[in-house]
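Structure, as structure tokens:
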Amino acid sequence: MTNRRRFLRASGVLLSLPCLETFAAPATTSSPRRRTVAINIGLGLHGPNLFPQKPGKDYELTPYLRELQDFRNDFTILSGTSHPGVDGGHSAEKSFLTAAPHPGSASFKNTISIDQLLAEKVGAQSRFGYLALSLSGRSLSWSRSGVELPSETRPSKLFEKLFLDGKPDEKQKQLQRLRDGQSIMDTVSENARRMSRRVSRRDQQKLEQYYSVVRDTEQRLQSAEQWEHEPKPDVDRPIPKDISDKTEIIGKAELMYDLMHLAIATDSTRAITFFSNGINAVPKIAGVTQDYHNLSHHGKDPEKIEELTVIETQQMRAFAGFVRKLRDTDEDGVSLLDRTQILFGSNLGNASSHNNQNLPILLVGGGYRHGQHLAFDPENNHPLPQLFVTMLQRMGVETDAFAGITGTLPGLELV
């Protein structure tokens, strides 16, 4: 009988490896470089201030969309969409990019987020397979095995990671760690191959899937070693100063947006997630006197909605600044905005009632025919994973399904 413990030991070597960023030599393909950014506003966006009344192209800009009026033809506003089976109020943040159902249940196990799928498929085209960012530590990025991946919250550390080369001895240590990892992969592969001669046909099929994971990890390790020999991009910027005050939510977000723009402009990554988490405190914004989380649970109180509108308008303005930087940056004669698709929204449709239906969703840039309001049924929502399928295909990933939902989003076309 095959020694199951021996096989699990071999598997354990692979599973215990740290999450490695994907590195590879620059792609030689002539196809344009495309990127994906996903942003979640953790405490939602007040629907009446965001969603237009009229569908189609001839809609009137709402208060929040006026912050993006210079880019009206560069974004599509979606209403009436949600992830099927995703409930649980704030717990749904876990499923914002995975669409895994019932995130609030005791038996919940998450699945892979769209950025991690992109990291697997196209991450080798840039130094970093992905960047997971947030304001307070929680992440939108989840591995294929359903593990939440750490996010970077300090702009100074992110800048160092992106643009500062380590000392020679530090680089040598990193190279040795990568080579050690490749040696482990060699051992794991050999153990699995030996076992394949002594297992059933069904187990051989499982082992073939296992080989695929091992081969993918080996390729990432090899690519990582290649990138360690390449200098990081040189940017004419000082290291940003971190903002320690958690109530400075707009300033902290703007710092992250600046670095996200630099990461894209230097082609350091093709996938970024940013979680703009809410706070249980009064943010330092003129005109706001109450706790942000409490304001999101406004209960239709006009005074609370007024202050909440101030906060969310500032958030939209900060986001518009990021969009503007991308639009004003040229790459091979094309705007970076045309090559960067941005998913901007929240896992909360109505934060006041912890409702996860009718999510506030914007798709910005990416080379689509924008300038429209795609209005789906607010009661019987359209499956949002179809947008994810569209976005994956835009990145060159050959797939027709995400989270068990097939097809692309109707009404969204390429230029």
Could you sort out which of LYS161/LYS325; LYS252/LYS300; LYS232/LYS325; LYS241/LYS325; LYS252/LYS284; LYS109/LYS161 sit more than 23 Å apart by Cα distance in this structure? LYS252/LYS300; LYS109/LYS161
Once you put a point 7 Å from the Cα of VAL310 and another 7 Å from the Cα of LYS54, both along the Cβ direction, what distance in nm separates them? 3.3 nm
Please give the peptides 37-44, 245-252 ranked by average Cβ packing (other Cβ atoms within 10 Å per residue), highest first, as a rough proxy for protection. 37-44, 245-252
Evaluated at q = 0.11, 0.12, 0.16, 0.17 Å⁻¹: base-10 log I(q)/I(0), Debye formula over Cα of region 291-415: -0.50, -0.59, -0.96, -1.04
What ranking, highest mean first, results for peptides 292-302, 137-147, 270-280 when packing means the other Cβ atoms within 10 Å averaged over each residue? 270-280, 137-147, 292-302
Need one number: convex hull volume per residue for region 84-168, Cα atoms only, in Å³. 110 Å³
Placing each pseudo-label 7 Å from Cα in the direction of the beta carbon, ASP377 and VAL334 end up separated by a distance in nanometres of 3.7 nm
Two pseudo-spin positions, 7 Å from Cα along C-beta at ILE279 and at GLU148, lie apart in nanometres by 2.0 nm
Over region 226-352, one equal point on each Cα, no solvent: what is log10 I(q)/I(0) by the Debye formula at q = 0.10, 0.19 Å⁻¹? -0.42, -1.12
Given the Cα-Cα distance of GLN69 and LYS109 and 0.36 nm per residue of separation, how much length would full extension add, in nm? 10.4 nm
Taking the Cα atoms of region 42-95, what is the range of coordinates along each of the three principal axes, in descending order and whole Å? 34, 20, 19
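Read the figures in this text as sums done on the coordinates, not as results from a lab. All values derive from a computational prediction rather than experimental measurement. Ideal geometry is used to build each Cβ from the backbone, glycine not excepted, and the neighbour counts take in all protein chains shown.
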